[in-house]
Amino acid sequence: MRTWTPQEIASAAGARLAWAPPTAAGPERVVVDSRQAGPGVLFVALKGASADGGEFAPAALAAGAWGVLTTAAHAQVAPPPPAGAVLAADDPLQALQRLAAAWRGALGAKVIGVTGSTGKTSTKDLIGAVLTPHRRTVTSRANFNTEIGLPLEVLAAPAGTEVLVLEMGMRGSGQIAELAAIARPDVGVIVNVGPVHLELLKTVEAVAAAKAELICGLRAGATAVIPAGEARLDAYLREDVTIVTFGDDGDVRLLASEPDHVEIEMHGRRLTLGVDFTQAHFRRNLLAAVAAADAVGVTASGRVEAALTPGRGQRIRLPNGVTLIDDCYNANPMSMRAALDDLAQAAGEAQQGRRVAILGEMLELGPRARQFHAEIGRHAGEAGVDLLVTVGPLAQAIADSYRGEAYMVKDAAEAAAIVPGLLARNDFVLVKGSRGVGLERVCRALSGGSDC
């Protein structure tokens with residue numbers, strides 16, 4: 001946006017330019033945190049649950065910000081210093097989204113939108129890894145997948161970006177549609193559909209409908225990449241959108257899986273890719289990544305070196321000989337099962353050490369929450385878990401259905417206090433739970449204080 005004038009910025013945002021700075025250039029980046037305001041920065045003042053960002057507009061201008069985008073009321077009470085632009089809008093969030101949509105159009109980049117009940121972040125990272133050797137690619141940062149975060153990631157993409165990969169999260173119906181309207185993706189990837197956000201959405205079928213908003217938001221001629229055999233998406237498929245399936249019996253499927261490479265069949269072509277990860281669910285997500293890359297004209301090749309976002313299943317060898325599987329970012333029944341299977345795989349590959357699972361509550365599962373937790377306890381037993389620690393009241397149902405050595409603690413602080421003393425050299429330790437449980441505290445305790 002550096003080449004856009006203040007007038008063009010205001011017009012794109014649907015805002016009024018209340019004060020124009022002396023410079024004719026536009027901002028270099030956009031933020032919604034006034035503490036990040038400074039030269040070259042446009043601060044968008046949003047109203048939150050506890051504070052109105054417009055109150056911090058004067059401080060942002062005083063810090064040398066390129067300008068502020070705020071409500072008309074705050075624009076009037078905060079006369080700008082000579083260097084800062086002031087843009088006024090009835091709804092600053094809507095103005096932010098409109099500005100992002102305009103910048104997305106100006107970029108001329110291909111856009112890939114990624115959603116799913118679990119694994120969307122790792123799939124986004126894998127798409128970036130496949131594309132980066134071939135195209136100037138930008139992938140969204142972790143957590144920037146909401147009605148606020150996604151516009152910021154679009155606006156952070158520099159001129160010259162060829163492919164923009166955006167994660168799309170949701171907590172209820174209508175939210176993916178809102179994100180798709182801003183991003184206007186050329187490719188929509190739905191990694192999977194499962195039991196998440198059931199307190200609000202009630203059924204997995206409603207989850208599927210919410211995820212399918214990405215398919216509905218695609219332009220005619222775009223591509224949707226979906227799991228093979230996912231019947232809950234059938235009602236939302238479109239004749240004017242190319243459908244590519246991945247997984248067993250899909251258009252893109254795994255032919256062979258070796259420790260250092262995989263062989264993939266895609267539309268009759270055979271691809272061999274080097275990989276540095278063995279997790280089965282990551283390799284399945286790689287199929288979706290390969291399909292998405294193909295949809296924007298890139299055939300995956302060579303070695304896929306994915307820098308996965310922290311907290312999404314990285315295996316970390318600790319100095320005391322313990323292998324930590326850091327999956328503490330979030331959890332639902334699908335991802336919990338996959339993580340337990342990964343724990344079994346990792347310990348099986350090493351052929352030594354116990355399988356230890358530190359499992360926190362899975363939140364937002366509605367009236368069947370206890371049943372979902374009990375099912376995970378049974379799966380832990382099937383995965384050969386030798387030692388189980390559950391964290392939180394709901395997670396006690398995991399321990400109740402698990403037949404083995406188990407400890408039940410009330411919170412992450414108590415888990416962090418007892419877990420290090422339960423471990424022995426060569427143990428493999430999975431740490432996983434919903435974000436609200438805060439199991440990164442356990443990861444820090446195990447790794448000597450470093451963040452997950």
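7 Å from Cα along Cα→Cβ at both Ala73 and Ala181: what's the point-to-point distance in nm?
In this crude label model, Ala73 to Ala181 measures out at 2.5 nm.
If you look at just the Cα atoms of the chain, how large are its Rg and its Dmax in Å?
Just the Cα atoms of the chain yield Rg and Dmax of 23.5, 71 Å.
Measuring from label point to label point, each 7 Å out along Cα→Cβ, what is the Thr5 to Glu205 span in nm?
5.6 nm
Between Ala59 and Asp400, what FRET efficiency comes out of the Förster formula 1/(1 + (r/R0)^6) with R0 = 45 Å and r the beta carbon distance, rounded to 0.05?
Efficiency, from the Cβ-Cβ distance: 0.30.
Please report Rg (one decimal) and Dmax (integer) in Å for the Cα set of the stretch 108-304.
Rg, Dmax (Cα atoms, Å): 15.6, 43.
Between the alpha-carbon centers of the stretch 43-104 and the stretch 10-25, tell me the distance in whole angstrom.
So the two Cα centres are separated by 11 Å.
Run the numbers for Lys410 and Ala231: contour at 0.36 nm per residue of separation, minus the present Cα-Cα distance, in nm.
Residue separation times 0.36 nm, minus the Cα-Cα distance, leaves 60.5 nm.
Which of Leu93, Gly311, Ala235 sits farthest toward the positive end of the charge dipole of the chain, with +1 on the Cβ of Lys and Arg and -1 on the Cβ of Asp and Glu?
Final value for the positive-end residue is Leu93.
Treat each spin label as a single point 7 Å out from the Cα along the C-beta direction, and report the Asp33 to Asp248 distance in nm.
Result: 4.4 nm between the two label points.
So, in Å, what gap is there between the alpha-carbon centers of the stretch 307-335 and the stretch 270-303?
First find each Cα centre; the distance between them is then 21 Å.
Over the stretch 314-447, what is the percentage of antiparallel beta bridges among all DSSP beta bridges, to the nearest 5?
Antiparallel bridges make up about 15 percent of those DSSP assigns within the stretch 314-447.
Using a simple charge model, +1 on the beta-carbon of Lys and Arg, -1 on the beta-carbon of Asp and Glu, nothing else, what dipole does the chain show about its Cα centre, in debye to the nearest 20?
It works out to roughly 460 debye.
Considering the Cα trace of the stretch 5-161, what is its radius of gyration and what is Dmax, both in angstroms?
For the stretch 5-161, the Cα radius of gyration and maximum Cα-Cα distance read 16.3, 50 Å.
Read-outs throughout are calculated quantities, based only on the coordinates presented, and are distinct from any laboratory measurement. What you are looking at is a predicted structure, and each value in this text was computed from that prediction instead of being measured. With ideal geometry, Cβ positions are generated from the backbone for all residues, glycine too; neighbour counts draw on all protein chains shown.
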